[in-house]
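No lab work stands behind these numbers, since they all come straight from the coordinates. None of the values given here were measured: they were computed from a predicted structure. Using ideal geometry, Cβ is built from the backbone for each residue, glycine included, and neighbour counts are taken over all protein chains shown.
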Amino acid sequence: MSVTVKFFASLREVLGKGELSITIETPTDIATLWEAATEGKPFPEHILIAINQHYVEINSVVNNDDEVAFFPPVTGG
Amino acid sequence: MPVKIVTEAFNPWEILQSHEQNLQEKAGKCGALSNFIGRMRDYNEGDDVTQMYLEHYPAMTTAHLNTICEEAMQKWDILDCLIVHRVGEINPTDTIVLVAAWAGHRGSAFSACRYLIEELKHRAPFWKRETLLNGDVRWVEKNTSGDL
């Protein structure tokens, strides 16, 4: 089971990685995926989450082949 | 209802003029055009800023901007709308964003235009990293309020 994980902006710099493929038993939850993708780093406050380019809450379910993105508050415009 | 992400400097007035030339049969029905242009300032939070880098999440950005346009078209009686947003390296005075709404009357045009820019700022996955005059580099942590 594979999930693509992406980190953007300041979060990418803090973690030192922008994208990785995680082999994990699915379905799983965001917290478990975060722990696997970051080697157990604490989950930062105010981080936004998207699954397959749609915003989701932290209690959302992650399935096989999903693309899960973590990023700080947006600042465009 | 075009949405464009651009990596080069753009002239918002040329884009508006070009789009208006392509309104065709809608042109005679457009009594109002409301637009917002956002530019890069040379200061932020009391510091001189010399350059900015705008990062985005390409697949999600385009989808969200299209959704925001569709929502505006559904909420108000507007005939067309437009969003152009810059990414990459940006210099002070460069245009960052152009949003525009065409409608029969000003009420719908004003409301839709404000909706486009406010929703973009709250939802579209862009992030600004600024370089200060003293060489420091920092991420912008939050947008300023658009409240009146």
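Run the helix sum for chain A: -39,500 (n - 2.57) per DSSP H stretch of 4+ residues, divided by residue count, reported at 222 nm to the nearest 500 deg cm²/dmol.
Helix-only estimate at 222 nm: -5500 deg cm²/dmol.
Rounded to the nearest 500, what is chain B's calculated 222 nm mean residue ellipticity when only DSSP H runs of at least 4 contribute -39500 (n - 2.57) each, over all residues?
Values: 3 runs with 46 residues, N = 148.
Helix-only estimate at 222 nm: -10000 deg cm²/dmol.
Mind listing the long-range amide H neighbours of residue A:48? Cut-off is under 5 Å, sequence gap 5 or more, other chains count too, H placed in the peptide plane at 1.01 Å from N.
Here A:71 satisfy the definition.
Is there a simple number for the mean count of other chain Cβ atoms within 10 Å of the Cβ of residues in B:124-135, and what is it?
4
May I ask you to sort B:111, A:2 by Cβ crowding, counting other Cβ atoms within 10 Å and putting the fewest first?
So the ranking, lowest neighbour count to highest, is A:2, B:111.
Which order results if B:110, A:71 are arranged by neighbouring Cβ count within 10 Å, fewest first?
B:110, A:71
Given contacts defined as C-alpha pairs under 8 Å and at least six residues apart, what's the relative contact order of the stretch B:3-139, whole-number percent?
Dividing the mean separation by the residue count of the stretch B:3-139 yields 36 percent.
Working out 0.36 nm times the residue gap between residue B:66 and residue B:25, then minus their Cα-Cα distance, what length gain in nm do you get to one decimal?
Result for the pair: 12.5 nm of gain on full extension.
Under 13 Å from the Cβ of residue B:6, count the other residues' Cβ atoms, weight Lys and Arg +1, Asp and Glu -1, and hand me the total.
Local net charge: -2.
Taking the Cβ of each residue in B:147, A:29 as the centre, tally the other Cβ atoms inside 10 Å and list the residues starting with the fewest.
Exposure proxy ranking, most exposed first: B:147, A:29.
What does the C-alpha gyration tensor say about the overall shape of the stretch A:34-77? Classify as rounded when a/c is under 1.5, otherwise prolate if a/b is larger than b/c, or oblate.
The shape class here is oblate.
Could you tally the net charge around residue B:132, taking each other residue with its Cβ under 14 Å from the Cβ of residue B:132, Lys/Arg +1 and Asp/Glu -1?
That works out to -2.
Please report, in whole Å, how far the alpha carbons of the stretch B:1-136 spread along each principal axis, starting with the longest.
Cα spread of the stretch B:1-136 along its principal axes, largest to smallest: 52, 26, 24 Å.
Apply the membrane-span-like helix rule to chain B: whole DSSP H runs, Cα extent along the own long axis of at least 20 Å, mean Kyte-Doolittle hydropathy at least -1.0. List the helices found.
Passing helices, by number: B:58-75, B:106-123.
If you average the C-alpha positions of the stretch A:34-70 and of the stretch B:40-109 separately, how far apart do those two centres end up, in angstrom?
About 26 Å separates the Cα centre of the stretch A:34-70 from the one of the stretch B:40-109.
Roughly speaking, what is the stretch gain from residue B:47 to residue B:141, that is 0.36 nm per residue apart minus the C-alpha to C-alpha distance, in nm to one decimal?
Gain on stretching residue B:47 to residue B:141: 32.4 nm.
Go through the stretch A:65-74 residue by residue and turn each phi into a ³J(HN,Hα) via Karplus (6.51, -1.76, 1.60, θ = phi - 60°); whole Hz please, and just put x for glycine and proline.
With the stated coefficients, the stretch A:65-74 comes to 6, 5, 10, 10, 10, 10, 7, x, x, 7 Hz.
Regarding the stretch A:2-71, what is the average projected area of its C-alpha convex hull, in nm²?
The Cα convex hull of the stretch A:2-71, projected and averaged over all directions, gives 4.0 nm².
What FRET efficiency do you get for residue B:122 and residue B:59 if R0 is 25 Å and r is their Cβ-Cβ distance, rounded to the nearest 0.05?
It comes out at approximately 0.85.
What does the structure give for A:46-59 when I average, per residue, the other chain Cβ atoms found within 10 Å of the residue Cβ?
Average neighbour count from other chains, rounded to a whole number: 2.
Can you give the FRET efficiency to the nearest 0.05 for residue A:47 and residue B:94, using r as the Cβ-Cβ distance and R₀ = 22 Å?
Efficiency, from the Cβ-Cβ distance: 0.15.
What does the net charge come to around residue B:72 if you take all other residues with beta carbon closer than 12 Å to its beta carbon, with K and R at +1 and D and E at -1?
My count for the surroundings of residue B:72 gives -4.
What are the semi-axes of the equivalent ellipsoid for the protein assembly as shown, taken as the square roots of 5 times the Cα gyration tensor eigenvalues, largest first, in whole Å?
Working: eigenvalues 235, 104, 38 Å².
After diagonalising the Cα gyration tensor, the semi-axes are 34, 23, 14 Å.
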